[in-house]
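Asker: Would you mind keeping the following structure in view while I ask a few things?
Please treat every number below as a calculation from the coordinates, not as lab data. Quick caveat, the model's predicted, so the values are computed rather than measured. Cβ coordinates were reconstructed from backbone atoms using ideal geometry, including for glycine residues, and neighbour counts include every protein chain displayed.
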Amino acid sequence: MESFDPATLTPEKLGQPGDPCIMVIFGAGGDLTKRKLIPALYNLAKGKLLPEQFAIVGVSREEYSTELFRQMTTQEIRQFATGGFDTQSWEWFAKRLYYLSGDFKDPETYKNLDGTLGQVDQEQSTQGNRLFYLATSPSFFAEIVKQLGAAGLVKQEKTPPWKRVVIEKPFGHDLASAVALNHDINQVLDEKQVYRIDHYLGKETVQNILAFRFANGIFEPVWNRRYVDHVQVTVAEELGVELRGDYYDRAGAMRDMVPNHIFQLITLTAMEPPISFDAEAVHDEQTKILRAIQPMHPEQVLDHAVRGQYGDGAMDGKRVPAYRHEPRVAPDSNTETFVALALHIDNWRWAGVPFYLRTGKRLHERVTQIVIRFRRPPFVLFRKTSVDKIPPNELVISIQPDEGISLSFEAKVPGPVVRLGAVDMDFQYSDYFGSTPSTGYETLLYDCMLGDPTLFQRADMVEAAWTVVQPILDVWKALPPRDFPNYAAGSWGPEAARELLQREGREWRDTACTLAHKGAPRSAPEERPAALTRK
Ligand code: BG6
């Protein structure tokens, strides 16, 4: 069976093109393919990270020919390329595109695919390596894997040639369906052939959490219950559900964002140092965090979990409709478009340190950030002043739209009078490393070709994540909300989310002060920079 040995990733190999292969995209006619996958592969091609012996076979129900698929993709790339279009590299890319029309449930499709792959292997010398990417509706995941197995297309006897399967999110709809899907997949594939993708792990700043924590000696000593008061994770979106009402109205904010994207942020922030950066070692530590999150009892759900749904409101001065009036959403929908949770990680490092998370659509501003709020100094040295409270230090890891890290602390305001002001030490990626336009999928696709599963999810991680959210989903299902819609589009979500922290004497970081808004007040009024004046 294939296994990934990070020792083979020598610096010489990193930065080299991936292995020769054919990437088969199921769902080639869909949005993900044209907006993300093709532009990401094209960026890899421009960066010389695709091998000469490479090809893409798109599979979808639509009756296109290879010629038409090439023409359509050539038009779409001009719209969706993130790093500019260049005729020469596109010609190189376009002649590696192939198309097969077929029904995902029909065994005939897989017979035809087998034939096409043999033919493409000959034309492009792709050496039998296969990367199957399931960019379809989740209802096809198990079926496609089963059919691939039955057609003998994913049989991994020796390596090379390798056969890998990438599975998009959402992975299951709840704990039971995730367990069932893992079971179906593992009937056909060895776990090492499975790449469960979460595009948050393709974001540079998310990967940088590990570098920040473990490539520096100064942060780890304070990264624990002794110094950290609490952690906040915010993933706020300005967008509504757009045209995805069909999917979203069945999923809701919890399933769409929490057990996947947000738990990636939480596990990378909270995990113990792995014994190496080997995929298994990193996944082990992430899984331990998920297993250490206290499951909520039904009565705790009422106190520690908040759900919301947006009503109409204004975004950037323009009126926008309520969720229930969005296309393909039930007019009496009880689906949540906002979630806030207070979680507790029961382990030695984090006992007693709440992890607050919130995510929602149609919020005031697009911002994804992790805030580590430290404990206040043990006593106020500046007692003979008019101020008795010093704001806590904060470390903010900004994931998007700005990418950077900022540490706030108190400094003396110059002058004969003793006054303190809050200042920030800021690092912004773009200042140091420029910005490389990317879709977020480049690293992930490249890693699949190298056979590095570190940035993908293991079966037990996915199940551990669902185990945390399942009790909340159960209570919410049993007790439909009575106050939806409960926040206006363009606001920061329902009042209950503010109260969730307020009850514990805390508050959400004033999100008006993301890195994009430097100079704006960092904290709520009662915590603004303390002016310490000698009495
Ligand atoms: C997707 C969700 O996985 O992530 C969407 O299905 C959400 O609802 C998106 O908008 C957010 O991704 P990003 O990269 O824009 O933060």
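Asker: Could you give me the ³J(HN,Hα) list for the stretch 355-361, computed from phi with Karplus coefficients 6.51, -1.76, 1.60 and θ = phi - 60°, whole Hz, x at Gly and Pro?
Answerer: With coefficients 6.51, -1.76 and 1.60, one gets 10, 9, 10, 8, 8, x, 9 Hz.
Asker: Any chance you could check the Cα centroid distance between the stretch 403-481 and the stretch 312-366 for me, in angstrom?
Answerer: Cα centroid to Cα centroid, the span is 17 Å.
Asker: Report the relative contact order of the chain, percent, no decimals, based on alpha-carbon pairs under 8 angstrom and at least 6 residues apart.
Answerer: It rounds to 17 percent for the chain.
Asker: Return the long-range amide H neighbours of Met23 (sequence gap of 5 or more, or a different chain), with a cut-off of under 5 Å between placed amide H atoms.
Answerer: Counting only residues 5 or more places away or on other chains, the set is Ala55, Ile56, Val57, Leu131.
Asker: Now a separate question. In whole Hz and in residue order, list the ³J(HN,Hα) couplings for the stretch 283-294 that follow from phi through the Karplus curve 6.51 cos²θ - 1.76 cosθ + 1.60, θ = phi - 60°; x for Gly and Pro.
Answerer: Ordered by residue, 3J(HN,Hα) equals 5, 4, 5, 5, 5, 4, 5, 4, 6, 8, 5, 4 Hz.
Asker: Rounded, prolate or oblate for the stretch 1-149? Axes are the square roots of the Cα gyration tensor eigenvalues, ordered a ≥ b ≥ c, and the cut-off for rounded is a/c under 1.5.
Answerer: Note, shape of the stretch 1-149 comes out oblate.
Asker: From the phi angles alone, apply the Karplus equation (6.51, -1.76, 1.60; θ = phi - 60°) to the stretch 220-230 and give each ³J(HN,Hα) in whole Hz, x where the residue is Gly or Pro.
Answerer: After applying 6.51 cos²θ - 1.76 cosθ + 1.60, I find 4, x, 9, 8, 6, 4, 5, 10, 9, 7, 6 Hz.
Asker: Please figure out what share of the DSSP beta bridges in the chain is antiparallel and state it in percent, rounded to the nearest 5.
Answerer: 60 percent
Asker: So which trypsin sites (Lys or Arg not before Pro) in the stretch 69-159 are both in a DSSP loop and have at most 14 other Cβ atoms within 10 Å of their Cβ?
Answerer: Passing both the DSSP loop test and the Cβ count: Lys95, Lys105, Lys155, Lys158.
Asker: Something else about it: At 37 °C and 0.692 mPa s, grab the translational diffusion coefficient of the chain from Stokes-Einstein with a Kirkwood Rh over Cα pairs, rounded to a whole number in µm² per second.
Answerer: Once the numbers are plugged in, D ends up at 131 µm²/s.
Asker: Using only the Cα atoms of the stretch 142-252, build the gyration tensor, take square roots of its eigenvalues as a ≥ b ≥ c, and label the shape rounded, prolate or oblate: rounded if a/c is under 1.5, else prolate if a/b is larger than b/c, else oblate.
Answerer: Note, shape of the stretch 142-252 comes out oblate.
Asker: Further question: Quick one: which residues, 5 or more positions from Tyr310 or on another chain, have an amide H under 5 Å from its amide H? H modelled 1.01 Å from N in the peptide plane, none for Pro or chain starts.
Answerer: HN-HN under 5 Å from Tyr310: Tyr323, Thr337.
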